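Here's the structure we're looking at; comments come further down.
The values are calculated or read from the model by the stated rules, or taken from the named source; none is laboratory data. Please read these numbers as outputs of a predicted model, since none were measured by experiment. All Cβ positions, even for glycine, are placed from backbone atoms using ideal geometry, and neighbour counts span all protein chains on display.
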Amino acid sequence: MDPYLRPAPPDGDPSGPCPPGHVAEPAGLWNDRHMEIVYDPRRHDVCFMRGRAGDGVHDGLAASGWEATATDGRSQLWIRDRADAMRQLLDTVRVEAPGRGLIR
């Protein structure tokens with residue numbers, strides 16, 4: 001299950017139930033509503049960016065496996081699936097077999 005935003009409970013109230021292995025953490029204001037992010041911390045990394053960031057930041061995040069998944073115009077939610085990022089990294093690694101021969 002992919003991470004998702006949902007309305008946060010009122011101050012002092014506990015978060016609602018989460019799918020097995022998932023946690024709910026505060027995500028701040030989104031469209032002027034307090035939200036929380038529900039995700040599996042063993043599988044996903046979550047990053048919130050507030051305000052503007054340069055293209056270099058966006059390019060760097062994308063190059064390292066992050067994907068922009070939500071925005072409200074002021075904030076962005078970036079998610080990295082650790083398993084997918086590792087697969088992409090392994091696909092780019094070139095392994096060369098050592099030469100065969102005798103060393104004397």
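Meeting the requirement of 2 or more residues that are hydrophobic (A, V, I, L, M, F, W, C), the strands (runs of 3 or more DSSP E) wholly within region 1-68 are 23-30, 33-39, 44-50.
Could you please give the count of residues in region 31-48 that are surrounded by 15 or more Cβ atoms within 10 Å (Cβ to Cβ) and either among the polar types (S, T, N, Q) or more than 17 Å from ASP81 (Cα to Cα) (or both)?
Our first condition is that a residue be surrounded by 15 or more Cβ atoms within 10 Å (Cβ to Cβ); within region 31-48, this holds for 35-40, 43-46.
Within this subset, residues satisfying the condition of being either among the polar types (S, T, N, Q) or more than 17 Å from ASP81 (Cα to Cα) (or both) are 35-36.
Going through region 31-48 one residue at a time, the tally reaches 2.
Taking (1) on the phi < 0 side of the Ramachandran plot; (2) in contact with a helix residue (DSSP H, G or I) (Cβ under 7 Å, 6 or more places away or on another chain) in turn, PRO3 satisfies each apart from (2).
For (1) surrounded by 12 or more Cβ atoms within 10 Å (Cβ to Cβ); (2) in contact with a strand residue (DSSP E or B) (Cβ under 7 Å, 6 or more places away or on another chain); (3) touching a residue at least 40 places away in the same chain (Cβ under 8 Å), each residue gets a yes or a no:
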residue: LEU5; (1), (2), (3): yes, yes, yes
residue: HIS22; (1), (2), (3): yes, yes, no
residue: LEU29; (1), (2), (3): yes, no, yes
residue: ARG50; (1), (2), (3): no, yes, no
residue: ASP55; (1), (2), (3): no, no, no
residue: THR69; (1), (2), (3): yes, yes, yes
residue: ARG80; (1), (2), (3): yes, yes, no
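Residue by residue, here is whether (1) within 24 Å of PRO14 (Cβ to Cβ); (2) under 14 Å from the mean Cα position of the chain (by Cα) holds:
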residue: VAL38; (1), (2): yes, yes
residue: CYS47; (1), (2): no, yes
residue: GLY51; (1), (2): no, no
residue: TRP66; (1), (2): no, yes
residue: GLN76; (1), (2): no, yes
residue: ARG82; (1), (2): no, yes
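Given the structure, is ALA8 touching a Cys at 6+ places or on another chain (Cβ under 9 Å), at pLDDT 95 or above and not basic (Lys, Arg)? Criteria not met by ALA8.
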